[in-house]
Amino acid sequence: MRKIKIWTESEIEFLKANYQTLSFEEIAKSLNRTVKSVTGKCHLLGLRKRNKQPRYTEEEIKILISNQGMTINEVSKLLNNRSISSIDYKIKELGLNYNIRTKQSIEGNIVKCSKCQNNKEFNSDNFYVDKNLLICKKCLVKIVFINKLKRKGILLDFNKLLDTYTPEEWVEFILKGNIKKYPQSYITKEILIRMLRYVVNIKLNRTVREEIIKTTRNEIKKYALNSHISNHFNGWYEAISTTFSELEIKPFELFETPKGYWLNKSHADEYMIWLVGYLINNNNIQNIEKELPQYLSHTYLRDIKQNKAIDCLHLYKHYKSMYEWMSTLYPNLNFNQKDFSTYVSNDGKTELDSLEEKYIYDFILENFPNITLIATGRKRKNNTYFNDKYNESYSPDFKIIDENKKVRCIIEYFGFYNLKNEHHVFKDYIEKADRKTDYFNNLEDIYFIDLYPIDLNNNFEGVRNKLMPFLLSS
Ligand SMILES: [Zn+2]
């Protein structure tokens, strides 16, 4: 069955206001209706287009404006091909006066604005005196503005102007492409908050806390709000946490934490206290001292996407270990270091620093059984190399030794090597990694292999490919 879209009051109003000036196609587009529906409605309402006359040119309008005081008959002589009725219509539309007044007669007088009906002195503060226009400057500015938006399919009420529409409706105008940015000075902090709520709740369909906190600045790009967020808020966190103040969002819950956030140890601590509460509630932990440590393992934290805890230890180095962190935060609890998971190789003989290092270690041991691989891991002190040039010492993750216990190869895993991350902690890490690589590459008689997360892909393809040249050369 064909759906009949009932005409709303505002659509009819729009039609009546525009049928003379816009084409049926333009009206249909503005109202999201078919041309047939528009022409049919015009017929029903008895709206008939005047004889098709070309639009008035700027030149013609200038003539109309500068010859007020003449009769219409007189001015029609200056405008070829214009009918009296067309000129009559146009001068009314422009608010021009062709009967009694002339420049001389009205200057200094009190004049009623033909638009707002206010009485004002006819001077250049209130009117465009030289053009002899009887619409006050204030009204004219509004009319120009209204016409500008009318061309974009946005019909403003003269008395409400931008308030004709709700903030939500303005967001829709952006989405539909009527406008590319919001009208200047429209967006206050309050309006911005309403728009953000609308975008997140309705447009992104995120209504529950866990969903809302995932929202990133990038995702709301197409709603043209980002520059306004910069104007009214100090960063994305402030914007989202103010908009959804009832949720009491913490910075660390966001997908994008504020810049430099994790460098601050107290932020890391605040987060950890939150995380501990989260773990206790979610896992129904009864004996905190015994049970909690196992949930604070790298594997589990990665699984529940709480990698920040791991970063705080390995990247930002706020604490040496999870045990130290927990003992500092909860001095009244008696944690046992043994309960915090360490990574033990599959053969049960070696402790490793991280899960990835365990994977690499196990892979090499299983696939290259002739190699004597030593994970330096927790025995850092006896395995340091000193770089004089930069005055820093390194302890590589793995060494391969020969039958005389001589070091033949050094393997380093750069787990946080991420060129895309602009954060200076990552930059520092990368710079140090590069110095380290340079140093090891220049050690005589030692083959150096640098590994990155990508080398673990495809069943350790990269690890295999980087090890082969060493094996062939030895
Ligand atoms: Zn006025």
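The values are calculated or read from the model by the stated rules, or taken from the named source; none is laboratory data. What you see is a predicted model, and the numbers here were worked out from it, not measured in a lab. Because the Cβ atoms are built from the backbone with ideal geometry, glycine has one as well, and the counts that use them run over all protein chains shown.
Could you check the range 107-130 and list, in sequence order, the residues that are assigned to a helix (DSSP H, G or I) and either modelled with pLDDT of 85 or more or more than 15 Å from the ligand (Cβ to nearest atom) (or both)?
The one that is assigned to a helix (DSSP H, G or I) and either modelled with pLDDT of 85 or more or more than 15 Å from the ligand (Cβ to nearest atom) (or both): Asp130.
What residue, among those in the range 429-464 that are in contact with an Asp or Glu (Cβ under 8 Å, 6 or more places away or on another chain) and basic (Lys, Arg), is nearest to Ile411 (Cα to Cα)?
Lys436
Look at Leu134 and say whether it is near the ligand (Cβ under 10 Å from one of its atoms) and surrounded by 16 or more Cβ atoms within 10 Å (Cβ to Cβ).
yes
Answer yes or no as to whether Glu210 is farther than 23 Å from Trp325 by Cα and surrounded by fewer than 16 Cβ atoms within 10 Å (Cβ to Cβ).
Answer is yes for this residue.
So, in the range 5-48, how many residues would count as being in a helix (DSSP H, G or I) and either of a type outside the set (D, E, K, R) or at positive phi (or both)?
Residues in the range 5-48 being in a helix (DSSP H, G or I) and either of a type outside the set (D, E, K, R) or at positive phi (or both): 20 in total.
Here are the criteria: (1) part of a helix (DSSP H, G or I); (2) within 37 Å of the chain's Cα centre (by Cα); (3) assigned by TED's automatic domain parsing to the domain that holds Leu275. Tell me which single one Lys305 does not satisfy.
Going through (1) part of a helix (DSSP H, G or I); (2) within 37 Å of the chain's Cα centre (by Cα); (3) assigned by TED's automatic domain parsing to the domain that holds Leu275 one by one, Lys305 breaks only (1).
Pairs only if they're at least six apart or on different chains, beta carbon under 9 angstrom, first in the range 109-125 and without any contact (Cβ under 8 Å) to a residue 60 or more places away in the chain and among the aliphatic types (A, V, I, L, M), second more than 7 Å from the ligand (Cβ to nearest atom) and in a loop (DSSP other than H, G, I, E, B); list them, first residue then second.
Ile110/Phe122; Val111/Arg101; Val111/Phe122; Val111/Asn126; Val111/Phe127; Val111/Leu134
Residue by residue through the range 210-224, note down the ones that are in contact (Cβ under 8 Å) with a residue 40 or more places away in the chain and on the phi < 0 side of the Ramachandran plot.
Ile213, Lys214, Thr215, Thr216, Lys222, Tyr223
Have a look at Ser241, Ser266 and point out the one that is over 18 Å from Leu315 (Cβ atoms) and polar (S, T, N, Q).
Ser241
Filter the range 137-159 down to the residues that are within 12 Å of the ligand (Cβ to nearest atom) and of a type outside the set (Val, Ile, Thr), then identify the one that is farthest from Pro183 (Cα to Cα).
Among them, the one singled out is Lys137.
Being crowded, with 16+ Cβ neighbours inside 10 Å, more than 32 Å from the chain's Cα centre (by Cα), outside the structural domain of Tyr359 (by TED's automatic domain parsing) and assigned to a helix (DSSP H, G or I): is that true of Tyr323 here?
Spelling it out, Tyr323 is indeed crowded, with 16+ Cβ neighbours inside 10 Å, more than 32 Å from the chain's Cα centre (by Cα), outside the structural domain of Tyr359 (by TED's automatic domain parsing) and assigned to a helix (DSSP H, G or I).
Val200: away from the ligand (no atom under 16 Å from the Cβ), modelled with pLDDT of 90 or more and either touching a strand residue (DSSP E or B) at 6+ places or on another chain (Cβ under 8 Å) or not aromatic (Phe, Trp, Tyr) (or both), yes or no?
Taking the combined requirement at face value, the residue satisfies it.
Out of the range 132-164, which residues are farther than 24 Å from Lys120 by Cα and among the hydrophobic types (A, V, I, L, M, F, W, C)?
Scanning the range 132-164 gives Leu149, Ile154, Leu155, Leu156, Leu162.
Out of contact with any helix residue (DSSP H, G or I) (no Cβ under 8 Å at 6 or more places or on another chain) and not in a helix (DSSP H, G or I): which single residue out of Asn218, Asn159 fits that description?
Only one candidate qualifies: Asn159.
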